[in-house]
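Starting off with a structure, shown below.
The values are calculated or read from the model by the stated rules, or taken from the named source; none is laboratory data. Since we're looking at a predicted model, the values are computed, not measured. Don't worry about glycine lacking a Cβ; one is built from the backbone with ideal geometry, like all the others, and counts go over all protein chains shown. Just the protein is used for accessible areas: all its heavy atoms, side chains included, with ligands, DNA and RNA removed. Shrake-Rupley method; radii C 1.70, N 1.55, O 1.52, S 1.80 Å.
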Amino acid sequence: MKVSMNMLREYVEIPVSPKEYEAKMIMSGTGVEGVEDISGGMEKVVVGRVVTCNPVENSDHLKICTVDVGAEELLQIVCGAPNVAAGQLVPVALDGSILPGGVKIKKGKLRGNMSEGMLCSSTELKVPVELYPSIGDKGLLIFNEEYPVGSDVRPILGIDDYTVDFEILANRPDCLCAIGMARETAAALGTEFHAPELTVKESDGRIEDEVTVRVDDPDLCPRYTARVIKNVRIAPSPMWMRKYLHGAGLRSINNIVDITNYIMLEYGHPMHAFDLGMVRDRQIIVRRAHEGEKITTLDSVDRVLRSDDLAICDAISATGLAGIMGGEESEITDKTTTVMFECASFDRTAIRLTSRALGMRTESSGRFERGVAAKTTMEALDRACMLVNMLDAGDVAQGVIDIYPNPKPAQVITASVKNIQTRAGVQIPAEAMVDVLAKLQFGVQRDGDTLTVTVPDFREDLDGEADICEECLRIYGYDHIGATALRGETTQGAISPMKHLKNTLGGILQGLGYLEIMNYSFTGLKEIAKLGLPEDDLRNQPMPIRNPLGEDTAVMRSTLACDMLKTLAFNMNHSTEEAYLYEIAAVFSHHTPTKEGLPVETQTLCIGAYGGNTDFYSVRATVEALLRSQGISCEVVAGADPYYHPGRCAQLVRGKQVFAQIGEVHPTVRDRFDMPKRAVMAEINVQQLLEYSSPMNAMKPLPRYPAVSRDLALVMNECIAVGPLMADMRKAAGNLLESIAMFDVYRGIQVGANKKSVAFALTFRASDRTLTEPDVQKAMDKVKKVCSEKYEANIRG
């Protein structure tokens, strides 16, 4: 926020240089991005009177002028401006002067004629037309008033000033104005703050006879105040107001509009002026807009409103966007005769949402989004009417409209002197605390160790003792914090068990040729709906985000499957022949929160692959390798979530615990995600994997005795699951069985319809002897028996 230093001096004495002021403000906790000389470093430019003006020989535009600048002798200056004439008062750049931008002026010859300076235009002096009227770069700047020759032009042009660019934090909206910064300045420099003495001279006529106001939505408009100005006299604003507006980067328009902008700059309260002659039935209604209601704003743009937008309306339709921009139909013009000043407090959230939805960012909305104190609106409104009196811009009607149904009581905070000293790490005397708080306009009473602090109306950012401590310390001085040597003990860093497990799993997958992907932790409800989960599945009710970036990022992820499928689809549709991907990340559930009330975060691994030799069995082998790395063995059970193919999916379980699910993506789900190819996906609960993982067992010596191998081919019904069969074979064989593996599955007319032939390789070994044929045959007989009796599986001939 930019503020003129001369404007600040209207309310507080600043007995230091601009650079010293910048340092003082920074040390008091107010950021300053820079201090700028408005004159642009201009030097030795004075008022001069053109005494004579004669054309230069052999030139169609140059003229030789003699100019009085208050020196003993007249200066001779060659000038090419078309509007130069004898008798004019103009700005003169003397020999050795500096113009804005660092341009230096020296005497020299033009067409053989000595020129001892330069007569200047407003463009050369970088003075905008709205600050001082001129014809710009078409000719000289001519002073319209009488000034002593030789006097400095900077105060005349309103550029004898410095602009301070303050960096205002989001929690200090009270500082987004000159008076707010004047209060901070007085506290930082130890000088006195002088607020304007408000007096409003009212004329004939009552406000009730001019306009009626109704607030239908007080939750979005806690306070609405208004005054009426009759017999409006539109005119340019005086120089002092124009230069203060210019210093803040605002353009002067006319006295009425400038008053509203000046109040925003001075008090931080955005105001709006309505041409009451254009307000139908002279009725103002503050209400939520109707869905689809249209308005043309002051920037001549047609806008369509939502039912959540707060509008300022007349008896028929919307005539302004509350807190953002007025409507074109009630704009102040040269024909305006009666004006209503509006000064209100609007809900910051509503203004922000409307501003973002409509793509409108204004000075007004920026202030309302940070918060405008409802208690100080009347003060700002009265100051505006006082300026109307000062500028003779109209007659203030009697009375005021003030709709304030729920006034807030004064905020009182109790603090301990000792606690503040301990928290600050500085022994701030209790008397100094009282003095600092009084300088900041707080009401304060001290009773021993207890401070009873009444927060001023313009401060809405304070909550408790910690805030009072901050206020005391920043004004008392951060330089009172003593230097201390670093202390403490460093601790050796370590990788958490979960991080170690994730690194291990990632290393195995990368060794198998998989690539890691990373997605955002939020997604959209439409993406989750594509999975086709049952209605009562809690994953259909993910944790919502309060302030989402958009519909597709409105909730936290309850599953990694959506993003994996989207990534696979993206690769398929961009001509990637094969892909082997994985993601390890958290999924969120707010249905059973933690003791701290936080959502549960479950670390999950999702694997996705297509192309090449990818099938159900290859991905299952990958998942089993990951489980084995943690010492976990599982059984394979048919079935998985509905977004897997019902006949090509399975779960890996141990007891009642499901560690993983694997399967080919369901064709319907593939279509929803625009996947032209078949793909296989797997999901592993990494949190559960960590809980059940077993440390590496003791190393075993290499076997001393040879192994005996047997192959067994069984013909069985197609519906028989091989996993449970192998578990029973391993149990029947006993301790002599070292390993069992399936190595072939055959289907054909040789084995019959609805039959399959499955071949197994069994390895037997004893740790204390060489096995004999009877030992192995006995174990094989038991295996054949359980296969025959329990599964009706016969040895293939």
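In terms of Cα to Cα distance under 16 Å, which lysines are near enough to Lys230, apart from those fewer than 8 places away along the same chain?
Lys201, Lys335
Which of Tyr21, Gly108, Leu89 sits farthest toward the positive end of the charge dipole of segment 1-123, with +1 on the Cβ of Lys and Arg and -1 on the Cβ of Asp and Glu?
Towards the positive end, the residue furthest out is Gly108.
Gain in length, Ile481 to Ser496, computed as 0.36 nm per residue apart minus the alpha-carbon separation, to one decimal in nm?
Details: separation 15, 0.36 × 15 = 5.40 nm, distance 3.73 nm.
Length gained, Ile481 through Ser496: 1.7 nm.
Work out Dmax and Rg for segment 307-441 from the C-alpha atoms and quote the Rg first, both in angstrom.
Spelled out, the Cα radius of gyration and Dmax of segment 307-441 are 21.0, 64 Å.
Ser416: net charge of surrounding residues, Cβ under 14 Å, Lys/Arg +1, Asp/Glu -1, itself excluded?
Values: positive: Lys418, Arg423, Arg446; negative: Asp447, Asp449, Glu465, Asp467.
Summing Lys/Arg as +1 and Asp/Glu as -1 gives -1.
Restrict the search to segment 431-526; then list the trypsin sites (Lys or Arg not before Pro) that DSSP places in a loop and that have at most 15 other Cβ atoms within 10 Å of their Cβ.
Working: sites: Lys439, Arg446, Arg459, Arg474, Arg487, Lys499, Lys502, Lys526; in loops: Arg459, Arg487.
Those that pass, being in a loop and sparsely packed, are Arg487.
Taking the Cα centre of segment 120-233 as origin, sum charge times position over the Cβ atoms of Lys and Arg (+1) and Asp and Glu (-1), and report the length of that vector in debye to the nearest 20.
Details: 12 positive and 22 negative charges, 30 e Å.
Taking the Cα centre of segment 120-233 as origin, the dipole is about 140 debye.
Continuing with the same structure: Under a crude label model (7 Å from the Cα following the beta-carbon direction), how far is Lys656 from Ala235 in nanometres?
Using points 7 Å along Cα→Cβ, the separation is 8.9 nm.
I would also like to ask the following. Against the longest alpha carbon principal axis of the chain, how many degrees, from 0 to 90 and to the nearest 10, is the axis of helix 377-391 turned?
That works out to roughly 30 degrees.
Mind putting a number on the dipole of the chain about its Cα centre? Charges go on the C-beta only, +1 for Lys and Arg and -1 for Asp and Glu, and I need it in Debye to the nearest 20. If you can, show how the numbers build up before the last one.
Values: 85 positive and 108 negative charges, 886 e Å.
Dipole magnitude for the chain comes out near 4260 debye.
Follow-up. Just to confirm the number: angle between the C-alpha axis of helix 616-629 and the first principal axis of the chain, 0 to 90 degrees, nearest 10?
Rounded to the nearest ten degrees, it is 90.
Among Ala761, His480, Val339, whose Cα lies farthest out toward the positive end of the dipole of the chain, if unit charges sit on the beta carbon of Lys, Arg (+1) and Asp, Glu (-1)?
Positive-most Cα among the choices belongs to Ala761.
Taking Cα atoms of the chain, Rg/Rh with Kirkwood Rh, to two decimals? Walk me through the numbers on the way to the answer.
Numbers: Rg = 41.4 Å, Rh = 34.9 Å.
The Rg/Rh ratio comes out at 1.19.
Ranked highest first by average number of other Cβ atoms within 10 Å, how do 317-323, 253-259 line up? Each step should come with its number before you reach the end.
Working: 317-323: 25.7, 253-259: 21.6.
Taking the mean over residues of other Cβ atoms within 10 Å, the ranking is 317-323, 253-259.
Can you pull the one-decimal nm distance between simple spin-label points at Cys719 and Asn503, each 7 Å off the Cα toward Cβ?
Roughly 5.0 nm, to one decimal.
Identify all lysines with a Cα-Cα distance to Lys731 below 16 Å; exclude those on the same chain that are fewer than 8 residues away in sequence.
Lys778, Lys782, Lys784, Lys785, Lys790
Name the residue from Thr491, Pro548, Ile508 whose Cα lies farthest towards the positive end of the charge dipole of segment 467-552, charges +1 on Cβ of Lys and Arg and -1 on Cβ of Asp and Glu.
So the residue we want is Ile508.
Further question: Relative contact order of the chain: what whole-number percent is it, with Cα pairs under 8 angstrom and at least 6 residues apart?
Working: 1539 pairs, mean separation 64.9, N = 797.
Relative contact order here is 8 percent.
A follow-up question, please. List, in the order given, every pair from Lys566/Lys677; Lys2/Lys104; Lys109/Lys138; Lys502/Lys566; Lys104/Lys126; Lys418/Lys439 whose Cα-Cα distance in the structure shown is over 18 Å. Numbers along the way, then the final one.
Values: Lys566/Lys677 13 Å; Lys2/Lys104 28 Å; Lys109/Lys138 23 Å; Lys502/Lys566 23 Å; Lys104/Lys126 15 Å; Lys418/Lys439 21 Å.
Over 18 Å Cα-Cα: Lys2/Lys104; Lys109/Lys138; Lys502/Lys566; Lys418/Lys439.
Counting other Cβ atoms within 10 Å, which trypsin sites (Lys or Arg not before Pro) in segment 163-212 have at most 15 and lie in a DSSP loop? Spell out each step's value before the answer.
On the way: sites: Arg183, Lys201, Arg206; in loops: Lys201.
Taking segment 163-212 and a limit of 15 other Cβ atoms within 10 Å, the loop trypsin sites (Lys or Arg not before Pro) found are Lys201.
Taking the Cα centroid of segment 587-645 and of segment 136-192, what is the distance between the two, rounded to the nearest whole Å?
So the separation of the two Cα centres works out to 66 Å.
Given a 1.4 Å probe and every protein chain left where it sits, what share in percent of the accessible area of segment 387-444 is carbon and sulfur?
50 percent
Right, something else. Taking the Cα centre of segment 590-678 as origin and charging only Cβ (+1 Lys, Arg; -1 Asp, Glu), how large is the dipole, in debye to the nearest 20?
Numbers: 10 positive and 9 negative charges, 30 e Å.
The calculation lands at about 140 debye.
Also, quick follow-up: Stretched out fully, how many nm does the piece from Glu130 to Asp402 gain, at 0.36 nm a residue minus the Cα gap?
So the extension gain works out to 94.5 nm.
Here is a further query. Reachable aspartates and glutamates from Lys44, Cα under 20 Å, same-chain residues fewer than 8 places away excluded?
Output for Lys44: Glu36, Asp68, Glu72, Glu73, Asp95, Glu116, Glu124, Glu146, Asp152, Asp160, Asp161.
Using DSSP to define loop residues, name the trypsin sites (Lys or Arg not before Pro) in segment 280-356 whose beta-carbon has at most 16 other beta-carbon atoms within 10 Å. Don't skip to the answer; put the middle values down first.
Numbers: sites: Arg280, Arg282, Arg287, Arg288, Lys294, Arg303, Arg306, Lys335, Arg348, Arg352, Arg356; in loops: Arg306, Lys335.
Counting only loop positions with at most 16 other Cβ atoms within 10 Å, the trypsin sites (Lys or Arg not before Pro) in segment 280-356 are Arg306, Lys335.
Okay, moving on. By how many degrees, between 0 and 90 and to the nearest 10, does the Cα long axis of helix 255-267 differ from the longest principal axis of the chain?
60 degrees
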